[in-house]
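Okay, structure first, notes after.
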Amino acid sequence: MFKQVWREYTLTEKNTGEYIMWAYFQPDIGQLTVHLSEKNIPIVSQFVQDFKNKFDSMLNASGSGKGKGKGKKGTADSKAMDIDQMIMPPNQSFHARSSKYPFNLDVVILKESENHWDVWKEAWQNAVAKANMPFSVGTPHVQWKAPDLNDDQESSENIPLQNGMGAKVKAGGYKTFYTGKWDAGMATPQHTPRGRGFDSSFLYYQHANDYWNKKTGIEATGEITPCLNAFYDLVTENDTYRGPYKEADLTDACKDSEERTPFCYEEKMFEERSLQIIRDHNASDLDHPLFLFHAFHLLHTPLQIPKYYYSKISEIVSQQGGQIIDSENRRKLMAMTMYLDDTIQNLTDALKSKGMWDNTLLVFTTDNGGPIYEPGSANNYPLRGGKYSDFEGGVRTNTFISGGFVPESSRGRIHNGIVSIADWYTIFSELAGVDAKDDAAEAANVWLKSRGLSTLAPVDGKNGMLDAIFQGAPGPRANESLFISGNALLSYPYKLVTGKQPYMVHTGPLYPNCSTVGRFVSGGGPDFVDFGVLEYKIDLGDEYYWRGDCGDGCLYNIEEDPSESNDLSHDPKYQAQLKQMIDALADFNKTLFLPDRGETDVEACYSIMLKGGGHFGPFVDIASYYSDPPRSLDNLTKHEKLQMTAMGITEIPPVKELIQEYVPKLALTQLRKTSDKCCPEPDSCTLTTEPDSLDETGLVLDASHKLSALDKAPRKDPSVYI
């Protein structure tokens, strides 16, 4: 009986026309949502009762019901939901599900002082009318985005609502756990690890946060978002609690500790959680084996490491007669690598102690090559380029597999075939004994096609890949093209790279070094290519990003020339190969799922501050998600209130434009001063207390003051915009 339509119900005050209550019903998902102001709580009982009476008529007319009465007329019980339960204290929400009625009920109560009534009504109308919530979280590389509620497409920059690896292995009977970096969306509870099939998770949502204070400053994210990097980013999801992490190690008090692994170092916290998961697992329950996804924050920026490891790495290099690492950032990165190695050993030892190692498959992999810009400080020598480029230094990565599950005949073998990171989804589906087919994506495509929108492609992973790796066979990708990006294609051994490419260089064996530091500080790059302020991307010029141009295409034989030094595109012998690959890339690009991302709505920032407790987390469809009640403005600190004010100020067009013009220069100048140091002697650089982070809120308020001084302030009261 349900159709893809929605119905709106409104109640207005007779004399003023003010909205007393606004509600909508989405029959396609069986959802009734009611928004009402605090003073009008008593009317909701009568409204829902009237709605249920009408719903009875719908059921009777269609001959449909739910439960025992399915398919019979008149079987719906009008008393199935206790209406009295819906009278809740101010500024709280209520969620209920009727055992008899095929719909959920959400009641959202607004305090009169919140003054968001008209804003919420208009925003939700725009979103709900599409029967799909168009929210964006994260551009292809960096940017986190709050929702654009006026967008008219399925424009989630989360991973779209497809099946994920966690859901697949859970369907195969595994107990599923997630620890560490998520970076795959959070707009709704469906986009979180729990919504993707993980029973329990301890994570941060962004692509990076501060290892010590767990916040999302510009040093971690490389941008200033419309939420002004205001939030913590560390949360927990399980059966009993969902929301901000609140334990004693949510602090940076230990960052000057001389201990080997200070208790509040984020990677230490993740390690302890995964070790506890292993210790608590019932290894004798063969019907429910363990699937643990431990996503390291290491080696991602910001480059932060306990003092013990920073000192230790210099000692090791000196003791073994190595050349001094004279870039402080490179020294930090090597110390972080050593910490990561130790963590892997600790996790492996725990599996062995538990008696689980002989039946374990351990996979260590990554999603991109090392970043050679400052402050990334990686080196992909002898490969060309780095993260953000399509050259081998940016896309060829290190992976190893281990554990007793690996056949003895396969141990110690190097696999030379082509494996995509997308293959792990299919590999683990096969191991769990479930079909890798993505039913969720196929269902979504029905909806997308009906609206003329771009659809989701089938699963990219290849069946039989793990067997090929174990057997040393070329594998299922041997005779196929691999779509690397919109600008690159691999038809082994040939590789096509097109368009402008950042970091189109070959680095030396010891990089970065003092020369790199001097060049960077003086403005010669390599700068971070995706730096932005309020969603405006700054382009300093090709020389700052070591950017080159492949035009229609550079062609390489990466079997003979893995460092991509010899461009074959001008050789007459390879023109047919070049044209074939250019045409194939164009065909692949027609399949890309690239909906309009829209612009951020600052209302999402407010939601995270109040309902998410000031921690990143879902901000849509959250009436029954968070374990803690939402905060009110009275619960916020003075600084949090100031942050919310500054967020609102960025919505004023002339202020936003001034910020986008004024702040990047200031921010980049400060970042360059603190980014790296030249350390020509082993003891010439010591890991001192880090400088204070950039104050994004202060920068916005300063920009608004400058605007006022220039007499360019808007004539309307700022509260109109805020």
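The values are calculated or read from the model by the stated rules, or taken from the named source; none is laboratory data. None of these values were measured; they are calculated from a predicted model. Here the Cβ positions follow ideal geometry from the backbone for every residue, glycine too, while neighbour counts run over all protein chains shown. These accessible areas exclude ligands, DNA and RNA; they are computed on the full protein's heavy atoms, side chains included. Shrake-Rupley method; radii C 1.70, N 1.55, O 1.52, S 1.80 Å.
Quick look at the numbers
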| quantity | calculated |
| --- | --- |
| Single condition residue 453 does not satisfy, out of (1) in contact with a Ser or Thr (Cβ under 8 Å, 6 or more places away or on another chain); (2) in contact (Cβ under 8 Å) with a residue 60 or more places away in the chain | (1) |
| Residue count for the stretch 494-507, restricted to those that are open to solvent by 30 Å² or more (accessible area, probe 1.4 Å) and of a type outside the set (D, E, K, R) | 4 |
| Residue 594, sole failed condition from (1) part of a loop (DSSP other than H, G, I, E, B); (2) buried (at least 20 other Cβ atoms within 10 Å of the Cβ) | (2) |
| Failed condition for residue 570, given (1) in a loop (DSSP other than H, G, I, E, B); (2) open to solvent by 70 Å² or more (accessible area, probe 1.4 Å); (3) of a type outside the set (A, V, I, L, M, F, W, C); (4) in contact (Cβ under 8 Å) with a residue 24 or more places away in the chain | (4) |
| The listed residue being open to solvent by 40 Å² or more (accessible area, probe 1.4 Å), in contact (Cβ under 8 Å) with a residue 60 or more places away in the chain and touching a Pro at 6+ places or on another chain (Cβ under 9 Å), out of 628, 601 | 628 |
| Criterion violated by residue 253 - all others in (1) touching a His at 6+ places or on another chain (Cβ under 9 Å); (2) assigned to a loop (DSSP other than H, G, I, E, B) satisfied | (1) |
| Unmet requirement for residue 560, which otherwise passes all of (1) in a loop (DSSP other than H, G, I, E, B); (2) within 32 Å of the chain's Cα centre (by Cα); (3) in contact (Cβ under 8 Å) with a residue 60 or more places away in the chain | (2) |
| Answer residue from the stretch 354-370, given it is farther than 18 Å from residue 277 by Cβ and open to solvent by 60 Å² or more (accessible area, probe 1.4 Å) and is modelled with the highest pLDDT among those | 358 |
| Any pair with Cβ under 6 angstrom, 6 or more apart, that starts in the stretch 414-426 at a residue that is closer than 13 Å to residue 463 by Cβ and ends at one that is of a type in the set (Ser, Thr, Tyr) and surrounded by fewer than 18 Cβ atoms within 10 Å (Cβ to Cβ) | none |
| Meets criteria (open to solvent by less than 40 Å² (accessible area, probe 1.4 Å), modelled with pLDDT of 95 or more and not polar (S, T, N, Q)) for residue 313 | no |
| Of residues in the stretch 175-194 being part of a loop (DSSP other than H, G, I, E, B) and on the phi > 0 side of the Ramachandran plot, the one most open to solvent (accessible area, probe 1.4 Å) | 183 |
| Residue check, residue 475 at pLDDT below 95 and under 30 Å from residue 414 (Cβ atoms) | yes |
| Filter result for residue 658 (assigned to a helix (DSSP H, G or I), open to solvent by 20 Å² or more (accessible area, probe 1.4 Å) and modelled with pLDDT under 90) | yes |
| Count of residues meeting criterion [at pLDDT 90 or above and assigned to a loop (DSSP other than H, G, I, E, B)] in the stretch 317-332 | 3 |
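A quick yes/no check of all residues on (1) among the polar types (S, T, N, Q); (2) at pLDDT 95 or above; (3) open to solvent by 10 Å² or more (accessible area, probe 1.4 Å):
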site	(1), (2), (3)
230	no, no, yes
243	no, yes, no
248	no, no, yes
265	no, yes, no
272	no, yes, yes
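Table: residues versus (1) at pLDDT 90 or above; (2) over 19 Å from residue 485 (Cβ atoms).
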| site | (1), (2) |
| --- | --- |
| 414 | yes, yes |
| 418 | yes, no |
| 425 | yes, no |
| 429 | yes, yes |
| 436 | yes, yes |
| 441 | no, yes |
| 447 | no, yes |
| 451 | no, yes |
| 465 | yes, yes |
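To keep it simple, each residue is scored yes or no on (1) crowded, with 17+ Cβ neighbours inside 10 Å; (2) among the hydrophobic types (A, V, I, L, M, F, W, C); (3) part of a helix (DSSP H, G or I).
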position	(1), (2), (3)
286	no, yes, no
291	yes, yes, no
334	yes, yes, yes
352	no, no, yes
376	yes, no, no
